[in-house]
Amino acid sequence: MPKLNVNGKLLDYQADEGTPLLWVLREQLGLTGTKYGCGIAQCGACTVHVDGVAVRSCVMPAAAMKATQKITTIEGLTPNGTHPIQKAWQALDVPQCGFCQSGMIMAATALVKEKPNLTDKDIDDAMTNICRCGTYNRVRAAIHVAAKEMAAAKTGAKPKKVSELGKSVLDIQHIDGSQA
Amino acid sequence: MSTTSNPSKRDGSNADAAVAKPSRRTFLKGSAATTAGLVVGFHVPFFNKQAMAQGIAAAPISPEVNAWVVVQPNDKVIIRIARSEMGQGTLTGLAQMVAEELECDWEKVSTEYPTPGQNLARQRVWGDFSTGGSRGIRGSQDNVRKGGATARMMLVQAAADEWKVPVAECSASKSVITHGPSKRTTTYGKVANAAAKLTPPTDVKFKDPKDWTLIGKRLARLDTVEKTTGKQIYGMDLKLPGMLNAAVKDAPVFGSKVKSVDDTAVLKRPGVKKVLRVGDTAVAVVADTWWRAKTALDALKIEWEDGPNAKASSASFAEVLKAGLDAKDAVVGHSVGDARAAIAASARKIEAVYSYPHQNHVCMETMNATVKWTPDKCEVWVPTQNGEAALAATAEAAGLPPAKCEVYKIHLGGGFGRRGATDFIRQAVAIAKQMPGTPVKMIWSREEDMAQGRFHPVTQCKMVAGLDDKGEITGLSMRISGQSILAYVAPQNIRDGRDPVMFQGLNAPGPEASIGYTFPTFLVDHAMRNPHVPAGFWRGVNLNQNAIYLESFLDEIAHATNQDPLALRRKLMSKHPKHLAVLNAVAEKVGYDKPAPAGVFRGLAQTMGFGSYVAACAEVSVSKEGVLKIHRIVAATDCGNAVNPQQIEAQVEGSFVYGLGAALYQECTVKDGRIEQTNFADYPSLKLAEMPKVETVILASGGFWGGVGEPTIAVAAPAVLNAIFAATGKRIRDLPLKNHSLKT
C-alpha cells in the first residue's frame, strides 16, 4: 500500500492513479483544513508544504510523493496555532470567511522561512493566493508583524502574546501593510 | 450540526492538535462536539441520538434564559445568532449587541446557530434568518438587544428573588449581580436556572448609547483562531457516517434539458455507485469519494437538447439592451419635474451610454450541500445565507412537510449573495432522494460553479444632461435598460412592471438608497430586458452599476464645464448633508486641497445604499504603456452606529478587493447560450500585489443602523474610473477595464 509522510506520520492511503494529493489529504486522511478552490493551481487554497516548500496540492498527484518527502498541512503546522504567522493572523484578525486562509498561511509560513528579511515585493511575488473577501492588506501587515517577531526571536527576545501583537489592529485606526 | 459553537479561544491555548484522524474526528468537529449548550425543549433529536449511538458523551445541557441567551453554571454565556456568518463579522457584531444589553462578561461569550426548524417550531422567535442586503445587524439590532436586555432583567430578578430584596436595588455588570445596600453579589451562572423559570418582562428599555461599553469597541472576532488552524468546518468539509459524494452537471445552456446519457463505461469505474438524473436538466454521479465522482462525471457522455437559447450570446443581449435605451416601455423609478422637457430646451446637451456585464460571485468555497433523505425525514447540512428559505426549498424538493425537514447551517466559505439562492440545495435534495437513507455530499466543481451562477445582472444606461448657457445642469435623465434580478428571483415583488431594486442609489430622499444630489429636474426610468441567463443578488447589487453610471457621468459634466469634480458635487449636495459629510471626510483625509504626488491622479465617488452613506477617493497612475497602478484609496462610511469599527474597516478594505476585481477583470460572456468562463484562469480576481493601501474613515453619526458589507463596493469602480480619466483623458464606459487599452 502506498504511503505518505504527512505531519510527521507515515500514513497508508488508497487512491486511483492520478488522484491529486489534495483529495487524498481531504478524503482519505481526513485533513480538511486544506481546501479545494479551483483544481488548477490558480487560487492557492490547497497550499501545503512539501519539504518546507509551498506546493499547490490540487495539481500534485499523490503518487508523485515519495514517502521520504515531508508533507505538512495546516493541521500539522503547529500543535495549537502558535506559529508566528498564525499568531500574527489572530492578532490582526486577518480572516473573514476564512476559506482561503489555510492556503494563505501555508504560503506565508514558507515565505518567512525562505526570506526572513522580506520586502513588500517578496510578499507580492509569493502571495498569489486568491481571497474573495479581501483580506489582502491584513495578510501583508500580518506577514510583516510575524517576520519582525521571528527576527526578534533570533536575538533571544521573549515571544509576544497574541494580544501584544494585536495592538495594531485593535487599537489603531488603519492597517498600513507596508509600514507594519 | 444543529449549532456551531465558537468558544472564545483568542490565545489559541485550548486549541488542540488535529492531525490525521480522519472521518470520526471530522464528524465530531462538524457536529456533535459543537452542540454544547443545546437546550432542553429543543427539538433536534438527530445529533444527540446519533452522537450517543456512536458512544459520544452527550454535551452538557444548560437551560436557556431566553431564546437568545444560554448561561452555563460556570458563567459561560452562549449567544444564539440567527444570521449567517460568511466572513462579514456578523457573528461577532450581533453577539456584541446581545452582550451589551445582557451586561455579561465578554471574555466568556461564545455563539451558536439555532436551526430554521427550531425557529419554525417556536413561532419564529429569532425572527428572520436571511443574511443579505447588509441587513445582518441593521435588520435585527432591536431584536437581539431586546433578547439581551430581557435576559439580563430575568437574571437580576432571579437574584433579587433569592435575596428577597427589591429588584431596583440590584444591578448587573460583567455577569456579576450586586445588591447595592448589602453589597452581596452572585453571578449569572448561579441564578440562570431560576431566571429561566421567570415570566419574561414586557417593559424592556435599551441602554443609552452613551453608556455602551461593547457596541462601538474594536473587539477581536470570535471565530479567528479556528480559521488560522484549519479547524473551522465548512460545508465542503463535512463527513457523516456512511456518506457518499456526488458531482453534478447541469445543462450548460440555461433552460435546456438532458437528451441522453451513456453511463456504461462510467458505472464500471471503481467507487462509482450510481449515475442519476436530477430533474430533467442535470446529471449526477454518486461515488465513494468526490474525486471519483467528479472524474467519472467528466468521463460521462451526456447529450443535451439545447433548446431555443442555444444561439444566444452577450452580443445578442447587447443589441436588445441597446434598443431598450430608446424604447417606449420604460417604468419610472424617480422623477423630479420634467427632465425631458428641460433637456430638450437646454442650451447644451451631454450624452453618454454606459454598460455593466454579467459577473459571477465566485465564492472561494464552491456550492455544496449534504443531505440525508428518508421517506419520513430530510436533513440538510448547508452553508446558506438564508436558513429559512433553505428549509422551505428542502421541504419542497424532499416532498415532505417542513416539520419533517431540518437544515443545519454550516459556516460559509463566502456568500456575496450567491448562497441566498436555494438552487443547489434543491439539487442536492433531489440527488439524496434517489439514495434513501444514505447521506450524500454534493459539491460543485469550480467549473460547474462558474457555469451555473446566479449572475450580476447586465444593464446599459443612457445618461443625458441638459446645461444652460452658463454650464449649470438644468436636467438629468438616466435610462436604464436591462436585466431585473427580481424578475428571476422574486417576480411576485414586481408591481406594474416596476422592479424597485433597479433604482438603488437613485431613489428619492429617504432612509434607503437615496440619491445624494438635487437637480432642477431629474428622471430615472427602466426598460426591463431579461436575457435567459439567471440573475441574482451579487454583493452590492444594483448600487454597483448605478453608482458607476451617475458618478462617472457627473465627472464627465464637471470636465465638460471646467468645474472641479468635488466642487460640482458639493454644489449639488447642499440638501443632502449625510451624503456630503462622507464626501467631505474623504476629501479632507486624502488632502484634496493639495495636489496629488507627481504622476498620481485622483477620482471621486459617493453613494448611499444598504442604509449607509459612503464615499471614496482613488489615487492612481497610468504609465505610457497603459499600466494602471492604484496607489491609495481613502474611503468614508457613515453607518450611523458603528458596532465594531475594526470589522467595519475589514469590510471596507474587502469591498475594494471585490469591487476592483470586478471593475478590472470580471465579465461572464455568453456564447451559444452558455457561459464561456470556466475557472480563475479566464475569470481572474484581484491579487494581493495589486491591492492599494486603503484608509478608512468611519463617521458614526448615530441615530440609525446602516449596513457595511456592501455599499462601499459601489464607489470602488467609479472612483478609479474617474481617476483614470484624470490620468489619461480616457473615459471608460464599459467594464471590465481589461477590455480597454489605457496606453497614451
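The values are calculated or read from the model by the stated rules, or taken from the named source; none is laboratory data. Quantities reported herein were computed from a predicted structural model and do not represent experimental measurements. All Cβ positions, glycine included, derive from the backbone under ideal geometry; neighbour counts span all protein chains shown. Heavy atoms of the whole protein, side chains included, go into the accessibility calculation; ligands, DNA and RNA do not. Shrake-Rupley method; radii C 1.70, N 1.55, O 1.52, S 1.80 Å.
Rounded is the label for the protein assembly as shown. Its Cα gyration tensor axes, ordered a ≥ b ≥ c, give a/c under 1.5. Selection among B:MET608, B:SER346, A:THR72 by position relative to the dipole of the protein assembly as shown gives A:THR72 as farthest towards the positive end (Cβ unit charges, Cα centre). For trypsin sites (Lys or Arg not before Pro), the sites in the range A:1-73 that DSSP calls loop and that have at most 13 other Cβ atoms within 10 Å are A:LYS66.
Dipole magnitude for the range A:3-77: computed about the Cα centre from +1 point charges on Lys and Arg Cβ and -1 point charges on Asp and Glu Cβ, it is near 180 debye. With a 10 Å cut-off around each Cβ of A:76-84, the average count of Cβ atoms from other chains is 6. Burial here means at least 20 square angstrom less accessible surface with every protein chain in place than with the chain by itself, probed at 1.4 Å; in the range B:652-675 the buried residues are B:GLU653, B:GLY654, B:VAL657, B:TYR658. Working note: Cα gyration tensor of chain B, eigenvalues times five, square-rooted, sorted largest first, giving semi-axes of 44, 36, 22 Å. Taking the empirical scaling 2.2 N^0.38 Å for compact globular proteins as reference, the range B:75-210 has a Cα radius of gyration ratio of 1.09. Per residue of chain B, the DSSP helices (runs of n ≥ 4 H) give a summed -39500 (n - 2.57) that works out to -8500 deg cm²/dmol at 222 nm. Of the DSSP H helices in chain B, those that are both long (alpha-carbon extent of 18 Å or more along the helix axis) and hydrophobic (Kyte-Doolittle mean at least 0.5) are B:713-728. Around the amide H of A:LEU29, modelled in the peptide plane, lies no amide H under 5 Å away from a residue 5 or more places distant or on another chain. Roughly what would the spin-label model give for B:GLU396 and B:VAL176, points 7 Å off Cα along C-beta, in nm? Rounded to a tenth, the inter-label distance reads 5.4 nm. Only alpha carbons enter this Debye calculation for the range B:649-744, each as an equal point scatterer, and the log10 of I(q)/I(0) it gives at q = 0.12, 0.13, 0.19 Å⁻¹ is -0.49, -0.57, -1.02. In terms of the Cα gyration tensor, with a ≥ b ≥ c the square roots of its eigenvalues, is the range A:3-77 rounded because a/c is under 1.5, prolate because a/b exceeds b/c, or oblate? Rounded. Charged side chains reduced to their Cβ positions (Lys and Arg at +1, Asp and Glu at -1) give chain B a dipole of some 1160 debye around its Cα centre. Distance between the pseudo-spin-label points of A:ASN117 and B:THR374 (7 Å out from Cα toward the beta carbon): 6.6 nm. Anything over 18 Å Cα to Cα? Flag those among B:LYS294/B:LYS377; B:LYS274/B:LYS409; B:LYS249/B:LYS687; A:LYS66/B:LYS227; B:LYS273/B:LYS404; A:LYS87/A:LYS158, in the order listed. Flagged as over cut-off: B:LYS294/B:LYS377; B:LYS274/B:LYS409; B:LYS249/B:LYS687; A:LYS66/B:LYS227; B:LYS273/B:LYS404. Which trypsin sites (Lys or Arg not before Pro) from the range B:97-135 combine a DSSP loop assignment with at most 14 other Cβ atoms within 10 Å? When the trypsin sites (Lys or Arg not before Pro) of the range B:97-135 are filtered for loop state and at most 14 Cβ neighbours within 10 Å, B:ARG122, B:ARG124 remain. Give the Debye-formula value of log10 I(q)/I(0) at each listed q (0.11, 0.12, 0.18 Å⁻¹), with one equal scatterer per alpha carbon of the range B:196-279, two decimals each. Here log10 of I(q) over I(0) equals -0.73, -0.77, -1.05. Think of chain B as a dipole: +1 on every Lys or Arg Cβ, -1 on every Asp or Glu Cβ, centred on the Cα centre; then among B:GLY482, B:THR422, B:SER316, B:THR422 lies furthest on the positive end.
For the protein assembly as shown, the residue among B:THR264, B:VAL165, A:ASN137 whose Cα projects farthest onto the positive side of the dipole built from Cβ charges is B:VAL165.
Rounded, prolate or oblate for the range A:66-121? Axes are the square roots of the Cα gyration tensor eigenvalues, ordered a ≥ b ≥ c, and the cut-off for rounded is a/c under 1.5. Judged from the Cα gyration tensor, the range A:66-121 comes out oblate (a/c at least 1.5, b/c at or above a/b). For the range B:315-435, a crude dipole built from +1 on the beta carbon of Lys and Arg and -1 on the beta carbon of Asp and Glu, taken about the Cα centre, is about 100 debye to the nearest 20. Annotation: lysines with alpha-carbon distance below 22 angstrom to B:LYS205 (same-chain offsets under eight excluded): B:LYS146, B:LYS174, B:LYS197, B:LYS217.
Based on C-alpha pairs under 8 angstrom that are at least 6 apart in sequence, the range A:10-101 has a relative contact order of 27 percent. Do you know the relative contact order of chain B, to the nearest whole percent, from alpha carbon pairs under 8 angstrom that are 6+ apart? Answer for chain B is 13 percent. Accessible area buried by the pairing of A and B, both sides summed with a 1.4 Å probe, works out to roughly 5700 Å². Over the range A:84-175, the ratio between the Cα radius of gyration and 2.2 N^0.38 Å evaluates to 1.02.
Per-residue extension of 0.36 nm, minus the Cα-Cα distance of B:LYS349 and B:GLU319, leaves a gain of 8.3 nm for this segment.
Using a 1.4 angstrom probe on heavy atoms only, work out the carbon and sulfur share of the accessible area of the range B:430-568 in %. C and S fraction of accessible area: 54 percent.
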